Amino acid sequence: MVLNYIWIAFFIIAFVVALCRTFVSGDMEIWSLLMNAAFDGAKNGFEISLGLTGVLTMWLGLMKVGENAGLISLFSRAASPLFSRLFPDIPKGHPALGSMFMNFSANMLGLDNAATPLGLKAMSELQQLNKDKDTASNSMIMFLVINASGLTLVPVGVMTIRAQFGAANPSDVFIPILLATFVATFVAVVALCIKQRIKIDRILVSFAVGFVVVIGGIMYFFSQLPQDKMQLYSTFAANLLLFTIIVLFVGAGLLKRINVYESFIEGAKEGFKTTVTIIPYMIAILVGVGVFRASGAMDYIVDAARWVVVACGLDASFVEALPTALMKPLSGSASRALMIDCISTSGGVDTFVSRVAATIQGSTDTTFYILAVYFGSVGIRKTRYAVGYALLADLVGAVSGILIAYLFFFS
């Protein structure tokens, strides 16, 4: 229901802003921009869905191999101590636990193309447990909000863009992003535990402490590397682990004496069906975001934010990075484009505001894309409080990203 109102608001706000620009400023071209944005959004939504078909088909095929070989069940048992507390409605050993474990792992490694198919598989399995088929369950909401919080250990995409623009040290945002995304995920999970009345016991506290230790270890390891090797090593580690998982699934199928090829085809068919299902949801969200952005509403929000910051007597150096923060929940590609625009217009990739934009870009994931695609794939219409808590993660990620960037880069 909340997503419905937000989607409607995109069009109403765009219409009102366009009217004001026409009658106040005499801007007649704005209506062409709006319609072009709507058509482009529909085209991009279809093309993204079409592009996702191959990746989705491949990964769901591999997941079926892993499931038939018993590896998904093994991952479920490994994740059980933590997941049984965060997802108390899921029975022990259920395949959804293994799929979620794989999805979170792919996200943490910055492997978006792998994470989405695994997440869709997890949603399909969660829907099997859902008693009210058009309403999001508590487990679905917890799963999606953790995804939206964007916990990433290796922000490969951001570091690659900075390298392409000639940054002196493309990976200098690695630790700030790691800290910001951890804070966003931690706050979101704690808030949801309170909302869903999940008891925060010694096991959850132990996992939280353990995760802090792991992040600290990763930060220490990368801090010891030569600056020019950090991105190379992180990309190498992520892709090595990913391909190792593929070989592990195939090898396990061979050991179990299952027909690996037929298992892959069986899962791949599910991937194609899922892609067809998500196309309308993808187009809907990208059309709404497109007209909102084309109307100029985003620019007015940024200008208002700058005025408030200055009026409060605070430093406004970060304000030019706000479009990246505001667009991030709406569109990953648009927020990436705005980060690049910030780099291009602020004097280079190594300016303070460019580093702020990069830190924000890596701190959370694309909330409305995740909600539209994941919920849409299983026919969920009533999202309950999922949007509010996902946006909380976005807000915490953006604010912590800005503050941490000031701590690391402002002089």
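Using alpha carbons only, how many angstrom separate the centre of the stretch 268-296 from the centre of the stretch 136-175?
Their Cα centres are 21 Å away from one another.
What value does the chain have for Rg/Rh, both radii from Cα atoms and Rh as Kirkwood defines it?
On the way: Rg = 21.5 Å, Rh = 22.2 Å.
Taking Rg over the Kirkwood Rh, I get 0.97.
Relative to the longest principal axis of the C-alpha atoms of the chain, give the angle of the C-alpha long axis of helix 174-195, reported between 0 and 90° and rounded to the nearest 10°.
70
Which of 325, 184, 337 moves most in a GNM of the chain, Cα contacts under 10 Å?
Result for the chain, Cα springs under 10 Å: 337 fluctuates most.
Rounded to the nearest 20 debye, what is the charge dipole size of the chain about its Cα centre when +1 sits on each Lys and Arg Cβ and -1 on each Asp and Glu Cβ?
1280
Straight-line reach from residue 121: which aspartates and glutamates fall under 15 Å, measuring Cα to Cα and dropping same-chain residues less than 8 apart?
Excluding near neighbours in sequence, the set is 67, 112, 266, 270.
Once label points are set 7 Å from the Cα along Cα→Cβ at both residue 382 and residue 194, what is their separation, rounded to one decimal in nm?
Modelled inter-label distance: 2.6 nm.
Along Cα→Cβ, 7 Å out, is where each label goes; now give me the distance between the ones at residue 12 and residue 261 in nm to one decimal.
Calculated label separation equals 5.8 nm.
So what's the back-of-envelope 222 nm ellipticity for the chain, counting only DSSP H runs of four-plus at -39500 (n - 2.57) apiece and dividing by all residues, rounded to 500?
The helix-only estimate for the chain comes to -26000 deg cm²/dmol at 222 nm.
Of the GluC sites (Glu not before Pro) in the stretch 25-104, which ones lie in a loop per DSSP and count no more than 11 other C-beta atoms within 10 Å?
Of the GluC sites (Glu not before Pro), the ones in loops of the stretch 25-104 whose Cβ has at most 11 other Cβ atoms within 10 Å are 29.
Can you compute the modelled spin-label distance between residue 240 and residue 35, with each label point 7 Å from Cα toward Cβ, in nm?
Once both label points are built, they end up 5.6 nm from each other.
With 23 Å as the limit, write out which pairs from 43/273; 133/195; 43/64; 92/131; 195/382 have Cα-Cα distances beyond it, or answer none.
In this structure, 43/64 lie more than 23 Å apart at Cα.
For the stretch 59-135, which trypsin sites (Lys or Arg not before Pro) are both in a DSSP coil and crowded by at most 14 other Cβ atoms within 10 Å?
Those that pass, being in a loop and sparsely packed, are 92, 131, 133.
Could you tell me how many degrees, from 0 to 90 and to the nearest 10, lie between the Cα long axis of helix 386-409 and the main elongation axis, the longest principal axis, of the Cα atoms of the chain?
Between helix and principal axis, roughly 70 degrees.
The numbers here are math on the coordinates, done by the rules we state, and not lab data. From a predicted model like this one, the values you see are computed outputs, not experimental measurements. FYI the Cβ positions are ideal-geometry reconstructions off the backbone, even for glycines, and counts take in every protein chain you see.
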